[in-house]
């Protein structure tokens, strides 16, 4: 039996502790925001926050989570009451197929918990582990810059100003 | 003692100190060399520029003279030393913030003697101790190359040295003790490639700067201890002489492939600081890279693996038994790439035990590659590993490392792994 | 909105519906990809109404007033679901929140073939808009008859018909009193532009709130009761065959069952992780080269050696043209490219009570259903394919194959829902690639700097092996006896495949366009977004720039001088002006590049201007600014258009600058993203601006594929300006020169 703290609630699952957290989230806890993209830590579609840090859920054995808090995109807001990063993404309509976007939102949240005034270079560097194939990058960056402002900060020397 | 006696001793002491000070100042003093107008890039012979470009790749200059996200040669890269952090300078031909106003003589003096145009001593983080051996024509070629780069206005951050080491004239003392340049003389008993490789390796490529141990004042140890292993950027640079812990022979072919592609299929991919080294060697003249391979294969000719490549037992059951948590972590986080049947293994990437880190005297490289991962060294495509620093805590990394060493490693079990992981995180920042 | 404004909607005025451009002839379903589709039975009706003229095929109104709209197209991330909801809601006069859009389902929706070729709004959007207008008129006429008034005195608002004097009737009530199984009318006008509430507005995407908050939205998210997971066993790459030890696999923990049909094999179990581990064990098995697949010669030169079927697809002669004095002869090429969906392909299938249902992200559920029915030896009407979204596919990727795989497994396990997930490596190894292509352009300038002769030859495989029969699915070739694949055929003009956009929109006195169709496929290929347009426009627009330079003319002015299409001229001028083309200051290692195309010569107009820097000693590219002007005809959702164009630009930058699928002659060598890197955030442009022309009342021209070609050429032109060196081979940023 493995106890986890996910989105503020305790979850108890009976799985092989080597099982990557991603499968536990999706199959046992029915939290589908984190996606299977590669299972290799190369694309970021599975990104969740563990103690405020973005990690690849596909490479984190569920037995290794321990007492650390897991936050998925479901824990940042709902369709009826989206969180600020989600609202920023909705404002910018920052999605095409949308498959990579929860990973992007989680990664952005991780950055903003570290700093609300990253430089443009730090912003791009922080988001780099997440891949987008549809070419939504411009809108994703605009959304994170907007979210930084919503959190009382703002990207330093942004490539595109927040309007 | 009587007061006049004390006074006399004091006077003598002050006079002696004063004389020492004057002598020291005399030794330390180097005159400024007058500024010149930035040379017109078009005046340089393209062949000389190309030669300089090749030498710059061999010397890996850009790695210390380019910041993350910055432009080549514009400086800003932090070099951490036990004495503080030194930032690589802007060596683009910008007159105000780079070396645009440096004459060839000023450049030569910097390379050979470690003195800036304005007469200030340079920290040996800039390895002039090696560059002193670079031939005149090569120094001039490097000058031609740098003077034909885009001139970029960029001021690196100020160095942050532990006081009083920010006082540059002290470096004259360091040089007095440790800077005794010897020219590299060809050995007629060796091949042309070997001699070329030694020239490049000992001067431009400055391999001992990472791969040799250093003394208290950070001077490289020479003689028998040359190439006995050293440290760079939080990573361990293993011995590359008869004490090489590699379990597969570093033949000329394998070294050449490693340098040019960032991967030896008999060992592993270039990780940590060797990534940028191979990135630049991949773009250097193939004959020169082969020469380097020739020389260093010779350096390791008496290493254990050069004589006999050991069988590599897989002590899977034992390791799982001793380190069950490490085994579980490995199964969930590592096996997907590193176990047989994984796509990269089917494609012929080297198995974990072939890589040198698990056989080194300390766990640092194994720890760092887990914490930081690995980017494709020489091209956008190539070996890649994600970073686990945020996913696993110190204890968990230690568990994985213990499991790996029990399963594949050589030598006695590394002690205090959790402490080592914490140290690695700190030093690798 | 005031009642007066609604009253201005003229109902039943028998205004003749605006004449659409004669697109019926051009509108092959899916742009010619996939099967031909159902016959045209009502040629007077617009869009796919011509094939499904009854209103209730498209629109149903429930007792609760909710409006269900049916489309045979699918949402791929392009935003068409939102656009079609806008069209339906606006033309019907209901709140968009009351519209439920049902996308392609072989049991429920009209057969609109494949969602491809940038024709969704043109075919389905047009049908839905007109059907909705017809339904609104029909309901108003019922109310008019009931109240004894002329329909022209009534108006509608928010699902209710009103007479302005207190009488009202809801759509629900009116619809219940009649049948919508009536033929649409060709003469019903669309809503006037001034009265539109939704069409032409940047209505937020209806699907994003769910996707951004983790609500199950993709086929990958489906979880049915008693569902099992599955993994298919294949060699590492198309062109290889795995011989797994099935007996050993049966004994692996978590493998409940092995399904084997001929050479097709899959492992099935209750949980995914044990299957992943078993898959790794399976992949240790020996694999051999598939002898049926020919070896790949060195590319791109190998294309010239392959067996070909050549045809002249366009020719013009004008003997009176001035003699040529300067000649350009240039060869342009691109390598095989991956679709590279972020989410590897996935399907869910269930065989229950003699009916097979497959939930799939295939772009074409109808031809897929035909192929799967043949594969599982069931009548087509017992097989149902339902579209569920996947990750962006950008063409024919692994979606259809994985559906076939899942169908075979489900057939072996009746009553059990089966979810089959391809691995990342399987997607890289087996998805059909975008074909490698080569174009040769020979052009001549006269003394005044005008192009007087233009010859374009293009060599390419087919750009569509979309399944129409079982032999086109990977599983179909693995069962014993195997089904035969459908022989590849070129897609005819005016859509084209490898020759898409090979015919210039410019006016040249003399021209000859030749398509060399290469039927042999050493590499598995099929449709990748834009098809031949990416390479053909890369070649064409690079050559135009090279000729402009030879003539000493500004590249933008040079293009305008050879064009007589006013909409083309307008996007060109608009992009140039917004970019500040004439004010651009040259700087070392930095240059501007321009390119233009009209997709397929009958789709959207798109002009791209780029400001690009190349860092010497690093080879790194920085796109400082990108400016695009696009004209897609009537813009249903201008933000949707902007989104697609930004996306197409960035995707094309990635393809053109960085991408090349690796192959060692026998098999593919890129098995994951480390072997096939794509654009990451560090390399994304600093700024992208898209200007969208709005032309209400004109036909929809599509958007999804219009940016790829011009972006590729604009990048090539910018780099030529920045470095002084012209590169004609993609990827432009290249890797190291090969050292052997």
Residues in the range C:142-164 that are under 39 Å from the mean Cα position of the chain (by Cα), outside any loop (DSSP other than H, G, I, E, B) and touching a residue at least 40 places away in the same chain (Cβ under 8 Å): how many? 3
Answer yes or no as to whether residue C:175 is over 30 Å from residue C:279 (Cβ atoms), at pLDDT below 95 and more than 8 Å from chain A (Cβ to nearest Cβ). no
Within the set of pairs 6+ apart or on separate chains, which have a first residue in the range B:318-341 that is within 13 Å of residue C:281 (Cα to Cα), a second that is part of a helix (DSSP H, G or I), and C-beta atoms under 6 Å apart? B:337/B:344; B:338/B:352; B:341/C:280; B:341/C:281
Considering each of C:289, C:326, C:334, C:382 in turn, give the residue that is buried (at least 19 other Cβ atoms within 10 Å of the Cβ), touching a strand residue (DSSP E or B) at 6+ places or on another chain (Cβ under 8 Å) and more than 14 Å from chain A (Cβ to nearest Cβ). C:334
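Listed here are the residues, each with its yes/no results for (1) touching a helix residue (DSSP H, G or I) at 6+ places or on another chain (Cβ under 6 Å); (2) modelled with pLDDT of 95 or more.
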position: B:164; (1), (2): no, no
position: B:191; (1), (2): no, yes
position: B:201; (1), (2): yes, yes
position: B:209; (1), (2): no, yes
position: B:235; (1), (2): yes, yes
Please tell me if residue C:635 is crowded, with 21+ Cβ neighbours inside 10 Å, more than 8 Å from every other protein chain (Cβ to nearest Cβ), under 23 Å from residue C:500 (Cβ atoms) and under 24 Å from the mean Cα position of the chain (by Cα). no
Considering only residues that are crowded, with 22+ Cβ neighbours inside 10 Å and either in a helix (DSSP H, G or I) or more than 9 Å from every other protein chain (Cβ to nearest Cβ) (or both), which ones fall in the range A:48-70? A:48, A:49, A:57, A:58, A:59, A:62, A:64, A:65, A:70
Count - residues of the range C:670-711 that are within 22 Å of residue C:342 (Cβ to Cβ) and either free of Cβ contacts under 8 Å to residues at least 12 places away in the same chain or more than 14 Å from chain B (Cβ to nearest Cβ) (or both): 12
Return the residues of the range A:24-41 that are closer than 20 Å to residue B:331 by Cα, touching a residue at least 12 places away in the same chain (Cβ under 8 Å) and touching a helix residue (DSSP H, G or I) at 6+ places or on another chain (Cβ under 8 Å); say none if nothing qualifies. A:24, A:25, A:36, A:37, A:38, A:39, A:40, A:41
Tally time: how many residues in the range C:379-409 are in contact (Cβ under 8 Å) with a residue 24 or more places away in the chain and over 16 Å from residue C:474 (Cα atoms)? 14
Any residue that is part of a loop (DSSP other than H, G, I, E, B), more than 20 Å from residue C:497 (Cβ to Cβ) and either touching a strand residue (DSSP E or B) at 6+ places or on another chain (Cβ under 9 Å) or within 14 Å of chain A (Cβ to nearest Cβ) (or both) - is there at least one of those in the range C:463-476? no
Quick check on the range B:64-94: of everything there that is at pLDDT below 95, within 12 Å of another protein chain (Cβ to nearest Cβ) and touching a helix residue (DSSP H, G or I) at 6+ places or on another chain (Cβ under 8 Å), which residue is farthest from residue B:161 (Cα to Cα)? B:69
Checking residue C:537 against (1) crowded, with 18+ Cβ neighbours inside 10 Å; (2) part of a strand (DSSP E or B), which test does it fail? (2)
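For (1) under 12 Å from the mean Cα position of the chain (by Cα); (2) closer than 21 Å to residue C:209 by Cα, each residue gets a yes or a no:
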residue: A:67; (1), (2): no, no
residue: A:71; (1), (2): yes, yes
residue: A:75; (1), (2): yes, yes
residue: A:95; (1), (2): no, yes
residue: A:106; (1), (2): yes, yes
residue: A:110; (1), (2): yes, yes
Could you grab me the full set of residues in the range B:198-241 that are without any contact (Cβ under 8 Å) to a residue 12 or more places away in the chain and touching a strand residue (DSSP E or B) at 6+ places or on another chain (Cβ under 7 Å)? B:221
For residue C:63, only one of the following conditions fails: (1) over 21 Å from residue C:634 (Cα atoms); (2) touching a helix residue (DSSP H, G or I) at 6+ places or on another chain (Cβ under 8 Å); (3) in a helix (DSSP H, G or I); (4) touching a residue at least 60 places away in the same chain (Cβ under 8 Å). What is its number? (3)
Output the residues belonging to the range C:255-270 that are surrounded by fewer than 18 Cβ atoms within 10 Å (Cβ to Cβ), assigned to a loop (DSSP other than H, G, I, E, B) and without any contact (Cβ under 8 Å) to a residue 60 or more places away in the chain. C:256, C:270
Restricting to the range C:197-222, what's the tally of residues that are within 7 Å of chain A (Cβ to nearest Cβ) and in a helix (DSSP H, G or I)? 7
Based on what the data block shows, is residue C:738 modelled with pLDDT under 95 and closer than 24 Å to residue C:74 by Cα? no
Between a first residue in the range C:561-575 that is in contact (Cβ under 8 Å) with a residue 24 or more places away in the chain and a second residue that is part of a helix (DSSP H, G or I), which pairs have beta carbons less than 7 Å apart while being 6 or more apart in sequence or on different chains? C:563/C:569; C:572/C:556; C:572/C:559; C:572/C:560
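The values are calculated or read from the model by the stated rules, or taken from the named source; none is laboratory data. Treat the numbers as computed from the prediction; the structure is a model and nothing was measured. Positions of Cβ are generated from backbone atoms using ideal geometry, with glycine treated the same way; all protein chains shown enter the neighbour counts.
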